[in-house]
Structure formats: structure tokens, C-alpha cells
1. So which pairs qualify, if the first residue must be in the range 220-243 and under 25 Å from residue 201 (Cα atoms), the second must be modelled with pLDDT of 95 or more and surrounded by fewer than 18 Cβ atoms within 10 Å (Cβ to Cβ), the Cβ gap must be under 9 Å, and the two must be at least 6 apart or on different chains?
2. In the range 114-127, how many are at pLDDT 95 or above and in contact with a strand residue (DSSP E or B) (Cβ under 9 Å, 6 or more places away or on another chain)?
3. Does any residue of the range 217-229 turn out to be modelled with pLDDT under 90 and farther than 18 Å from residue 52 by Cα?
4. Suppose we filter the range 39-68 for residues that are part of a loop (DSSP other than H, G, I, E, B), surrounded by fewer than 17 Cβ atoms within 10 Å (Cβ to Cβ) and modelled with pLDDT of 75 or more; how many remain?
5. Check off (1) crowded, with 19+ Cβ neighbours inside 10 Å; (2) modelled with pLDDT of 90 or more; (3) outside any loop (DSSP other than H, G, I, E, B) for residue 150 and give me the number that stays unchecked.
6. Scan the range 69-87 and give yes if some residue there is assigned to a loop (DSSP other than H, G, I, E, B), modelled with pLDDT of 90 or more, out of contact with any strand residue (DSSP E or B) (no Cβ under 7 Å at 6 or more places or on another chain) and surrounded by 12 or more Cβ atoms within 10 Å (Cβ to Cβ), otherwise no.
7. Output the qualifying pairs, or none if there are none: Cβ atoms under 9 angstrom, residues six or more apart or on different chains, first residue in the range 9-36 and on the phi > 0 side of the Ramachandran plot and crowded, with 16+ Cβ neighbours inside 10 Å, second residue at pLDDT below 90 and not in a loop (DSSP other than H, G, I, E, B).
């Protein structure tokens, strides 16, 4: 199966899984970890889907334009063509990795069904049958925001953490192998690599401070994103397509 077919397959699987009803996990009435207030997200999802491609464009442009300065001066058209091809391949491979991360994230969320830290604030549960002091599974939410009520069961793993750490690690490894080994390039490379990981780490921290996830959800998301990033680039290093990017 070609890479494109794999990407489409993973996207379809991820979309189908996302539409499924998450596992209805119960709770303990005295669980303090579920009693945090609801806050809007500091880092919106749209930022993850727009900022990363822009950064990728800049990275590929800088990397491609820093190859052979002499050739760049006398062969403008081949350089532009090379940059466009490199950018297409980079974004394509990045999208394939996102599809893998998305599939694992959605499967984890639906199967685990872990309640978010803001569960009580979002749901305001009314116990139907069980004792108010035991493990409660039969309850109804008094609040009627259907989107938030569904989202409150999708805490594990943190999608934001996975979606931010994956491209960060991907970019770090990409630059390590593809950035020219010159003094200025090394400084720029280190700066971009540090900034990428720091930004991803910041996104994960906001998911805890915004009461969207437990810290273990964030850790799992970061590890998932990092693992897919490392695996993706490691496999691509063995492919001829990557050697030309």
C-alpha cells in the first residue's frame, strides 16, 4: 500500500473512531481531581493546524536556499523548483505523521473515556440510582451543552500535547540531519530545535493549567507525539525520498 493510501486509510479510521460514543466511565463523588473549573483553551486547536505548516515552510525555505550559494546565484528557477518540491514532500510526510498520531489519539480517547478535570463544572451530575458516596456510573448531566458533555469524556491522551510534540520532534530530527554544518547554520538549527520543543512543552502545560487534562494525559500525549515523530523520521531517513528533501 502506497504512502498516500496509508494516509487516507488512517484519516478515514480516525474520522470513524472519532464519531463513536466514548466509553462511559464513572466517578467517585469525593474525587477532587474532577472538581476543577472550566476554562477556555489558551492554545486553540486552529493554531496547531496553521502555525506548524507556516513554520515548516520557513524551515524548508531556509534549508533549501542555504545549499549551494553559487548555484543559487546563477540558477534561480531550479532553486525555486527545488524549494517547491521539498516543501511539498515535507508537508506530505508531516501530514502522514499527523494521521498516525490522530488515529492513536482518537482510539485512546474513545476506548478509555477518562473524565476531564473540569467534569463536575461541565456536567453538574445528578445521581440516578447509586449511593452518592460510592463509584457512580448511572448519572445524568444537568447542563445541556452536548459538545462539552461529550468532550468531558475524552481526557486521555491529550491531543494538543501529541499534535504539538510530534511536529516538534519531527523538525528537530529533520534539521539535525539536513541542516548544513556551518557555524551560522548550527546556531540557527539549535535555536529552531529548542524553540520547537519549548513550544510543544508549553502547549502541554496549558492543557493542565486550563483544566483540560490530567498531567498523566499530557505526558502520554507528549510521549505518543515524540514516538511517532522519531519513528517517522527514522523510517524516512532510509527512504530515497527523504534524502532529496
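1. 222/201
2. Looking only at that region, the number is 5.
3. Within the range 217-229, not a single residue is modelled with pLDDT under 90 and farther than 18 Å from residue 52 by Cα.
4. 5
5. With respect to (1) crowded, with 19+ Cβ neighbours inside 10 Å; (2) modelled with pLDDT of 90 or more; (3) outside any loop (DSSP other than H, G, I, E, B), residue 150 is out only on (1).
6. So in the range 69-87, the residues assigned to a loop (DSSP other than H, G, I, E, B) come out as 75.
Within this subset, residues satisfying the condition of being modelled with pLDDT of 90 or more are none.
No: the range 69-87 contains no residue that is assigned to a loop (DSSP other than H, G, I, E, B), modelled with pLDDT of 90 or more, out of contact with any strand residue (DSSP E or B) (no Cβ under 7 Å at 6 or more places or on another chain) and surrounded by 12 or more Cβ atoms within 10 Å (Cβ to Cβ).
7. Pairs found: none.
This table checks each residue for (1) more than 22 Å from the chain's Cα centre (by Cα); (2) modelled with pLDDT of 90 or more.
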| site | (1), (2) |
| --- | --- |
| 129 | yes, no |
| 141 | yes, yes |
| 168 | no, yes |
| 176 | no, no |
| 185 | yes, no |
| 192 | no, no |
| 214 | no, yes |
| 243 | yes, no |
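The values are calculated or read from the model by the stated rules, or taken from the named source; none is laboratory data. Just so it is clear, the structure is predicted and the values come from calculations on it, not from any experiment. Cβ sites come from the backbone with ideal geometry, for glycine too, and all protein chains shown count toward neighbours.
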